[in-house]
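Asks: Pasting in a structure now, in C-alpha cells, and then I'll have a few things to ask.
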Amino acid sequence: EPSFKDIDFAISESQVISFDYRNPKTGEIETRVLQPWLMRQIAGAWLVLGFDEVRDAARNFMLRRIVSKVEVVTEGREARVFEMPEQSIIDAAVKDLDDHAKSQVAVLKVVQGSEAWFRYELDLASNKKDHLLKLNYHDLYVLAEQLREYADQIEVIEPQELSTLVELGFRKVADLHA
C-alpha cells in the first residue's frame, strides 16, 4: 500500500496524521485526522487503528481506501505528536474490531471441486448437497470484492446486502465493457 511507510513512521514517532479516505458505503471522500496506534493485516488487507480526532473515537481505516498522500499534522513548523494510550486501551480497540468480525457472518453456497472450494479449504469428502460455508468478515465491501473473483462458483445466501454488492460489482464491470 502506498501509505504504509508514512503511517508506519508516524506510529513510531507518535505523530498525528491526516489523509483523505473513501467511505465504502457512499463513495464520498472525507478528510480524517488520526493518532495512529498500530497497523494490522486482516484477510489480506492492511488497516491502521488509532484515535480518530474527527469522530472522537478509536477507529480503523483500510489503507486501500486512503486516496491521498498521508500528511503529518503540524503545529507551526513542528509535527504534532500525541501520547500513546495505555496498552489496555489499544487491546480493547483490537478486541472490539475482532468481536465485530465474529458478529458478521456470511453464508455462501460453494460449487464442489471449484477454485472457490479449494480457496476456502472445504472438505472434499463432503456428501452434503448444499455445500454451505459460513464466513466471518470484517468488511462487507472487501468480502464482496473477493467473492467476485469466483463468479459462478459461489452463491451468496446471506446477508442480502452482500449479495447485492457482489451483483452491483458484476454490473459495473459489464457496463464498463459494454
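The values are calculated or read from the model by the stated rules, or taken from the named source; none is laboratory data. The model shown is predicted, which means the values in this text are computed figures rather than measured ones. All Cβ positions, glycine included, derive from the backbone under ideal geometry; neighbour counts span all protein chains shown. Keep in mind that these areas ignore ligands, DNA and RNA; they rest on the heavy atoms of the full protein, side chains included. Shrake-Rupley method; radii C 1.70, N 1.55, O 1.52, S 1.80 Å.
Asks: State, to one decimal in nm, how far the label point of GLU71 lies from the label point of GLU115, with both points 7 Å from Cα in the Cβ direction.
Replies: My value for the distance between the label points is 4.1 nm.
Asks: Which residue, ASN60, ASN23, ASN136, has the most motion in a Gaussian network model of the chain that connects Cα atoms within less than 10 Å?
Replies: The residue that fluctuates most here is ASN23.
Asks: Using only the Cα atoms of the stretch 1-145, each taken as one equal point scatterer with no solvent, compute I(q) by the Debye sum, divide by I(0), and report log10 of the ratio at q = 0.13, 0.17, 0.18, 0.21 Å⁻¹.
Replies: -0.67, -0.97, -1.04, -1.30
Asks: Using the charge dipole of the chain (Lys, Arg: +1 at Cβ; Asp, Glu: -1 at Cβ; taken about the Cα centre), state which of GLY169, VAL67, VAL33 has its Cα farthest towards the positive end.
Replies: Going by the Cα projections, it comes out as GLY169.
Asks: So how much slack lies between LYS95 and HIS177, counting 0.36 nm per residue of separation and subtracting their Cα-Cα distance, in nm?
Replies: 25.3 nm
Asks: Continuing with the same structure: In debye to the nearest 20, how big a dipole does the stretch 8-102 give about its Cα centre with +1 on each Lys and Arg Cβ and -1 on each Asp and Glu Cβ?
Replies: About 480 debye.
Asks: Classify the stretch 14-94 from the C-alpha gyration tensor, please: rounded if a/c falls under 1.5, else prolate or oblate depending on whether a/b exceeds b/c. Walk me through the numbers on the way to the answer.
Replies: Details: a/c = 1.80, a/b = 1.09, b/c = 1.66.
Verdict is oblate for the stretch 14-94.
Asks: Over the chain, how many pairs of lysines fall under 12 Å by alpha carbon, counting only those 8 or more apart in sequence or from different chains?
Replies: Within the chain, the lysine pair count is 5.
Asks: Heavy atoms only, probe 1.4 Å: what % of the accessible area of the chain goes to carbon and sulfur, would you let me know? Intermediate results must be reported in sequence, preceding the final value.
Replies: Values: 5330 of 10970 Å².
Carbon-and-sulfur percentage of accessible area, whole number: 49.
Asks: Further question: Can you tell me which of SER88, SER68, SER18 moves the most in a GNM of the chain? Springs connect C-alpha atoms under 10 Å apart.
Replies: In this elastic network of the chain, the residue with the biggest mean-square fluctuation among SER88, SER68, SER18 is SER88.
Asks: Right, something else. Sort 31-38, 112-119, 93-100 by the packing proxy (mean of other Cβ within 10 Å over each peptide's residues), most packed first.
Replies: 31-38, 112-119, 93-100
Asks: Treating only the Cβ atoms of Lys and Arg (+1) and Asp and Glu (-1) as charged, compute the dipole magnitude of the chain about its Cα centre; round to the nearest 20 debye.
Replies: 420
Asks: Output the 0 to 90 degree angle, nearest 10, between the alpha-carbon long axis of helix 87-103 and the longest principal axis computed from the alpha carbons of the chain.
Replies: Tilt relative to the chain: about 20 degrees.
Asks: Measuring from a point 7 Å past the Cα of VAL81 along Cα-to-C-beta, which residues in the stretch 1-29 have an amide N at less than 11 Å?
Replies: Residues 13-16 fall inside that zone.
Asks: Determine the per residue accessible area of the stretch 42-173 with all protein chains present and a 1.4 angstrom probe, expressed in square angstrom.
Replies: Accessible area per residue, the stretch 42-173: 62 Å².
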